[in-house]
Each structure stands twice: as C-alpha cells, then as structure tokens.
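Novice: Attaching a single structure in structure tokens format; questions to follow.
The values are calculated or read from the model by the stated rules, or taken from the named source; none is laboratory data. Predicted, not measured: the structure shown is a model, and the values here were computed from it. With ideal geometry, Cβ positions are generated from the backbone for all residues, glycine too; neighbour counts draw on all protein chains shown.
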Amino acid sequence: MLLGVATAGALAAPASAAANPPGWSPPSNLVTPLNQVWSHQESTYGNLYGFRNYGWDQVFANGGYLNFCVRWDSPAPVSAALRDRVHAKLAEQYRKWTDLMTGHNNWPYASVPVKVVGWAVRDRAQLQWSDNSVDIYVNDIRENAPQCAEPCGRFFVRDGVYRNCPGGVARHYDQSLWLTAGMTGGAGGDWGQRVGSEYFVNNLTSTDVTIFLHEVGHTFGLDDFYDWTPSGVSGFIMKAGSSPTITEFDAWMFRDWWRHLKNRYGR
C-alpha cells in the first residue's frame, strides 16, 4: 500500500477546488497531468487494482461511514474537552476529501461521517474522563506504540464480521489516527494516518491540518511526488511542502481514483 512521509515547509497559496461536477469532466489544463499521474501509478504499483483495502473499499464496506481509533503515542494527558476537539477536527479534516465526491460521477453518499470509537494509551490515568463514549485500550503495544484491539481493526480483520471484537461491528475501527510525540512528518496508508501529537493538537484551530490531509490522500491511494511533477501543475497537497490545502488538481486526482475503481462497487 502507498506510504507517504510529509514535512511542513514553505507552502504556496493554493487554487480553490471547483464545485463538485456531476461526471468526469476535468478542466482541460488538467487532462494531461492527470493522465500522466494515472499512467505512473499503473506502471509503478503492480497491485493497484487488486488491492482491496483503500479508503474507498472501507467506505463501501460500511455503507457510507468510517470508524477510527486514536493511538495516543504520547505521555501527555488528555482531558475530555481535548478528546472531543480531536474527534471534531478529525471529522472536519476528513470531510475535506470525501465532500469532493458528493454528487460526482455516481458517488452514492451525500456525506461520509467519521466517528472515533476507541482510544489506545499506555497508562489509563492519561485519559482524564470516566464516561464510556469510546472504548479504551491500555498498554496493548504494537510497533512500540499503544493500539486498539486487533480483533476490532479492519487492517487485521478483512471479512467485516469482527466476531472477536467485544463491541462487534458497531465498535470496529477502519483506520487509526496515530498521534506520536515528537514526530515532525507523517505517514499514511490503508491502516490510517500518523502525525505528531503536538502538531495535531497545535492545529486544532487551523483551517487545514496540512500533513494530516496529505496522509489521508495516501489512504485513498494517492501517490507522493518527491522525484517528479506532472506537467503544467506545481503546488498541490500531495506534493509535500508545496501547498497547505487541497487544490483543484488534488481534487481531480482523488476523483480519478474513483473513476477507475467504481466498477468494483457496481457504480
């Protein structure tokens, strides 16, 4: 699966994404670079079409929503208020991608709700709430970081049954928001997104959490552009450090993935 590492840097002002079109009708100036991108992806990733756990697959497996686990890979405490702000920012930022599909090219969902169903932590005392709004997993360590239970995770359970998850399907998680203390870049894939805990918390009032948005792009299959740039375009969020926001070109790359994969969902 595609994996990206993004760093914050000098960012150019982006163009605004156009209103959602009803079908495949990219602006004429983007046709050539979009074709270049898709050709590059097909020639670079041999399992492009065979892979079955892109963000697209997860949305359809659920019937139009996504569940998350937060991996709190930090010694810092988390109040109930901070927890709720993290949940809200995650959902808000995710919609910047999924709302690009509303009404476009036979996409069936008016919105894709995002819900956090669990938090994973090393020490329960770090989480300063007593309500049961989310499941809490303590000191279950994978990759030297806390994680939510494997039987509840889509990355580990691909049949969608979650027979060994205590909360069943309703409490399964499709992706993890992995927040790591001291991390300056990011990573993303079908498993979720990883960024610095300080970075994410410090951007709770920002319009765009740039590194996180870049990593969500990878969850849906979008590539990195470290060693090449499609012709006729420059700053866009998937070219790390060149745009702080999702641009029109990013939006059309996203829609191009749907164009090529939608037959697998009968669309």
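Novice: Yes or no: the range 60-69 includes at least one residue that is out of contact with any Ser or Thr (no Cβ under 6 Å at 6 or more places or on another chain), free of Cβ contacts under 8 Å to residues at least 12 places away in the same chain and among the aliphatic types (A, V, I, L, M). Quick ask: steps written out before the conclusion?
Specialist: Within the range 60-69, the first condition is being out of contact with any Ser or Thr (no Cβ under 6 Å at 6 or more places or on another chain), and the residues that meet it are 60-68.
Pick out the ones that are also free of Cβ contacts under 8 Å to residues at least 12 places away in the same chain and you get 63.
Adding the requirement that they be among the aliphatic types (A, V, I, L, M) leaves none.
No: zero hits.
Novice: Checking the condition out of contact with any Asp or Glu (no Cβ under 8 Å at 6 or more places or on another chain), surrounded by 24 or more Cβ atoms within 10 Å (Cβ to Cβ), within 24 Å of Phe155 (Cβ to Cβ) and not aromatic (Phe, Trp, Tyr), which residue from Leu179, Leu222, Leu213 passes?
Specialist: Result: Leu213 is the single residue among Leu179, Leu222, Leu213 that is out of contact with any Asp or Glu (no Cβ under 8 Å at 6 or more places or on another chain), surrounded by 24 or more Cβ atoms within 10 Å (Cβ to Cβ), within 24 Å of Phe155 (Cβ to Cβ) and not aromatic (Phe, Trp, Tyr).
Novice: Follow-up. What is the one condition in (1) closer than 20 Å to Asp208 by Cβ; (2) among the small types (Gly, Ala, Ser); (3) touching a strand residue (DSSP E or B) at 6+ places or on another chain (Cβ under 7 Å) that Gly55 does not satisfy?
Specialist: If we test Gly55 against (1) closer than 20 Å to Asp208 by Cβ; (2) among the small types (Gly, Ala, Ser); (3) touching a strand residue (DSSP E or B) at 6+ places or on another chain (Cβ under 7 Å), just (3) comes out false.
Novice: Given the criteria in contact with a His (Cβ under 9 Å, 6 or more places away or on another chain), of a type in the set (Val, Ile, Thr) and under 26 Å from Ala61 (Cα atoms), does Val161 qualify?
Specialist: Values: in contact with a His (Cβ under 9 Å, 6 or more places away or on another chain): no; of a type in the set (Val, Ile, Thr): yes; under 26 Å from Ala61 (Cα atoms): yes.
No.
Novice: Residues in the range 84-98: is at least one hydroxyl-bearing (Ser, Thr, Tyr), closer than 30 Å to Thr245 by Cβ and part of a helix (DSSP H, G or I)? Spell out the reasoning first.
Specialist: First pass over the range 84-98, keeping only residues hydroxyl-bearing (Ser, Thr, Tyr): 94, 98.
Now restrict to residues that are closer than 30 Å to Thr245 by Cβ: 94, 98.
Applying the additional criterion that residues be part of a helix (DSSP H, G or I) yields 94, 98.
Yes, the range 84-98 contains a residue that is hydroxyl-bearing (Ser, Thr, Tyr), closer than 30 Å to Thr245 by Cβ and part of a helix (DSSP H, G or I).
For (1) within 25 Å of Asn53 (Cβ to Cβ); (2) among the polar types (S, T, N, Q); (3) in contact with a helix residue (DSSP H, G or I) (Cβ under 6 Å, 6 or more places away or on another chain), each residue gets a yes or a no:
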residue	(1), (2), (3)
Asp190	yes, no, no
Thr207	no, yes, no
Val216	yes, no, yes
Phe225	yes, no, no
Asp250	yes, no, no
Arg259	yes, no, no
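Novice: Okay, moving on. The conditions are (1) in contact with a Ser or Thr (Cβ under 7 Å, 6 or more places away or on another chain); (2) surrounded by fewer than 23 Cβ atoms within 10 Å (Cβ to Cβ); (3) on the phi < 0 side of the Ramachandran plot, and Asp256 fails exactly one of them. Which is it?
Specialist: Here Asp256 meets the rest and fails (1).
Novice: Oh, and also: Pick from Val134, Val114, Val121: which is under 30 Å from Gly23 (Cα atoms) and aliphatic (A, V, I, L, M)? Don't jump to the end; show me each part of the working.
Specialist: Working: Val134 fails: under 30 Å from Gly23 (Cα atoms); Val121 fails: under 30 Å from Gly23 (Cα atoms).
Exactly one residue qualifies, and that residue is Val114.
Novice: Quick check on the range 89-125: of everything there that is among the polar types (S, T, N, Q) and touching a Leu at 6+ places or on another chain (Cβ under 9 Å), which residue is farthest from Trp178 (Cα to Cα)? It would help to see each step written out before you state the result.
Specialist: So the first thing to find is which residues in the range 89-125 are among the polar types (S, T, N, Q), and the list is 93, 98, 102, 105-106, 111.
Then keep just the ones that are touching a Leu at 6+ places or on another chain (Cβ under 9 Å); that gives 93, 98.
Numbers: Gln93: 15, Thr98: 20 Å.
Restricting to residues being among the polar types (S, T, N, Q) and touching a Leu at 6+ places or on another chain (Cβ under 9 Å), the top hit is Thr98.
Novice: List the pairs whose first member sits in the range 232-246 and is on the phi > 0 side of the Ramachandran plot and assigned to a loop (DSSP other than H, G, I, E, B), whose second member is surrounded by fewer than 23 Cβ atoms within 10 Å (Cβ to Cβ) and modelled with pLDDT of 95 or more, and whose Cβ atoms are under 7 Å apart, counting only residues at least 6 apart or on separate chains?
Specialist: What qualifies is Gly232/Asn29; Gly232/Thr32; Gly232/Pro33.
Novice: Another question, if that's okay. Could you identify the single residue in Gly217, Gly192, Gly182, Gly188 that is within 13 Å of the chain's Cα centre (by Cα), at positive phi and not aromatic (Phe, Trp, Tyr)?
Specialist: When all the criteria are applied, what remains is Gly192.
Novice: Within the range 160-176, can you find the residues that are surrounded by 14 or more Cβ atoms within 10 Å (Cβ to Cβ), free of Cβ contacts under 8 Å to residues at least 60 places away in the same chain and either at positive phi or within 15 Å of the chain's Cα centre (by Cα) (or both)?
Specialist: Passing the criteria: only Tyr162.
Novice: Still on this structure, please answer the following. Looking at the range 46-56, can you tell me whether even one residue there is farther than 17 Å from Leu100 by Cβ, not in a loop (DSSP other than H, G, I, E, B) and not aliphatic (A, V, I, L, M)? Give the steps one after another, and end with the answer.
Specialist: Our first condition is that a residue be farther than 17 Å from Leu100 by Cβ; within the range 46-56, this holds for 46-53.
Then keep just the ones that are not in a loop (DSSP other than H, G, I, E, B); that gives none.
Within the range 46-56 (the criterion being farther than 17 Å from Leu100 by Cβ, not in a loop (DSSP other than H, G, I, E, B) and not aliphatic (A, V, I, L, M)), the answer is no, since none of the residues qualifies.
Novice: Here is a list: Pro108, Pro113. Which entry is at pLDDT 95 or above, closer than 23 Å to Leu213 by Cβ and surrounded by fewer than 21 Cβ atoms within 10 Å (Cβ to Cβ)?
Specialist: From the options Pro108, Pro113, the qualifying one is Pro113.
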